[in-house]
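Taking it in order: structure first as structure tokens, then the write-up.
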Amino acid sequence: MGNSGSHCLGIPAGKGPNLVGCIDLIADHTIQGSFLRLYYPCEQGGKHQQPLWIPRHEYYYGLADFLKYNRKLVDQTLNYLYGSYRVPAEWDAPFKSDGKYPLVVFSHGLGAFRTLYSAICIEVASQGFVVAAVEHRCNSDTSLARLPTYGVHQRAEECIRALNLLTDINMGKPFHNVFPLNFDFTKMKDSLDLHKVAIMGHSFGGATVIDSLSKELRFGCGVALDAWMFPLEDAIYAKVQKPILFINSEKFQWVANILKMKKLDSNTIQQKMITIMGTVHQSFPDFTFLTGSFLGKIFRLKGTIDPQIAIDICNKASLAFMQRHLGLEKDFDQWDPLIDGKGEHIIPGTNIPLPLSNSEPKQ
């Protein structure tokens, strides 16, 4: 399990009743195409390899460019620390046709890519969802990093294109995957409940959640993990008419960012905010599970809370919120108290002191 010296490190497997498969899906190579990792309930049996967590060396270069570090140094260091880790999902396993699955589209953070949130995506898929983790093109375009308002619009369009692509697959339209696999897409015909679609995302992906909700009514609700609100223009807020759950870390947020979230307060649309104590901004991506305590604290990849406990709270609150607003017939409502900030390691609203008129926690 990796080269970092601890046998307890690893991406947690899904806790739900379904075995999870995954594939990469590329519609075409142009800017108008779709590139995503699909997580889905798969058939039991058969021998399927688990894919590498970091699929190609080029991703190390991308992380180096984002961090403004030397490419060779970052490549060697990250390959040593993380190069042998694998994702606990069955690569190219047959899709399990078992009624209609709700759909979640997931948007990663700036500098990240489609595989870095596999713990969240696998858990949601294990609970009976199909999850489309979009690979955003803006990460390779430094101009979009400098112009995040333009970037968030492009990201939202990529999430909507992913939804369109999966809608076509669900209708049985022929699909050619540029990525060579044996996966039988015809088994996905009529497998998605496209009346039950949510969008999730972390950091810049949290802003993407909100922009996507303002543009696309097929998204029934959103879950924004430690959202970075700066890219969003003021005009977007009034266009959001779907429920949103903000799940924040203890150490990332600040007054101006929280006040932007509170612009989405509504008497008619439910907006919830909770904070997981002991967490940092990187408590949501997979790095937190794959880094020992020493390096984790130095590079702020770990908080003071056990990362397994933190992600469990995040996942359960997300599932309960999606059941409530997508009308799912599951037992996720057992975790409803988490949505209200009730339970160990969690508080309602924010831990950030706000100006008096905005100091009331969300209920």
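The values are calculated or read from the model by the stated rules, or taken from the named source; none is laboratory data. Everything numeric here is computed off the predicted structure, so don't read it as measured data. Here the Cβ positions follow ideal geometry from the backbone for every residue, glycine too, while neighbour counts run over all protein chains shown. To get the accessible areas, we keep the full protein, side chains included, count just its heavy atoms, and leave off ligands, DNA and RNA. Shrake-Rupley method; radii C 1.70, N 1.55, O 1.52, S 1.80 Å.
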Nearest 0.05, what FRET efficiency do residue 239 and residue 167 give at R0 = 35 Å with Cβ-Cβ as r? 0.95
Measuring from label point to label point, each 7 Å out along Cα→Cβ, what is the residue 267 to residue 58 span in nm? 5.3 nm
When the convex hull of the Cα atoms of the stretch 71-140 is projected onto a plane and the area is averaged over all directions, what value comes out in nm²? 6.0 nm²
By accessible area (1.4 Å), largest first, 8, 121 order as 8, 121
Cα gyration tensor, the stretch 71-213 - rounded (a/c under 1.5), prolate or oblate: oblate
Per residue of the stretch 179-187, in order, report the coupling 6.51 cos²θ - 1.76 cosθ + 1.60 (Karplus, θ = phi - 60°) as ³J(HN,Hα) in whole Hz, putting x for Gly and Pro. 6, x, 9, 9, 4, 9, 5, 5, 5
Whether the stretch 219-286 is rounded, prolate or oblate, judged on the alpha carbon gyration tensor where a/c under 1.5 counts as rounded: prolate
Given Cβ charges of +1 for Lys and Arg and -1 for Asp and Glu, the option among 294, 197, 82 whose Cα lies farthest towards the positive end of the dipole of the chain is 294
Students sometimes get this wrong: rank 262, 342 by accessible area, probe 1.4 Å, all chains present, largest first. 342, 262
Express in Å², to the nearest 10, the accessible area of residue 72 obtained by rolling a 1.4 Å probe over the protein heavy atoms while all chains stay in place. 140 Å²
In the chain the DSSP beta bridges are antiparallel at a rate, in percent to nearest 5, of 35 percent
Going from most exposed to least, what order do 218, 114 have by accessible area with a 1.4 Å probe? 218, 114
Report, in deg cm²/dmol and to the nearest 500, the calculated mean residue ellipticity at 222 nm for the chain, where each DSSP H run with n ≥ 4 adds -39500 (n - 2.57) and the sum is divided by the residue count. -9500 deg cm²/dmol
Determine the per residue accessible area of the chain with all protein chains present and a 1.4 angstrom probe, expressed in square angstrom. 43 Å²
If you line up the Cα atoms of the stretch 189-309 on their principal axes, what length do they span on each, largest first, in Å? 44, 43, 22
Here the convex hull volume per residue of the stretch 144-250, taken over Cα atoms and given in Å³, is 133 Å³
Which value, in Å² and to the nearest 10, is the accessible area of residue 289 when all protein chains are kept and the probe is 1.4 Å? 10 Å²
Residue-ordered couplings for the stretch 55-61, obtained by feeding phi - 60° into the Karplus form 6.51 cos²θ - 1.76 cosθ + 1.60 and rounding to whole Hz (Gly and Pro as x), are x, 8, 4, 4, 5, 5, 4
Reported to the nearest 10 Å², residue 11 has, with a 1.4 Å probe, an accessible area equal to 20 Å²
Gyration tensor verdict on the chain (Cα atoms; rounded if a/c is under 1.5, prolate if a/b is larger than b/c, oblate otherwise): rounded
For the pair residue 98 and residue 175, how long in nm is the line joining their label points, each one 7 Å along Cα→Cβ? 2.0 nm
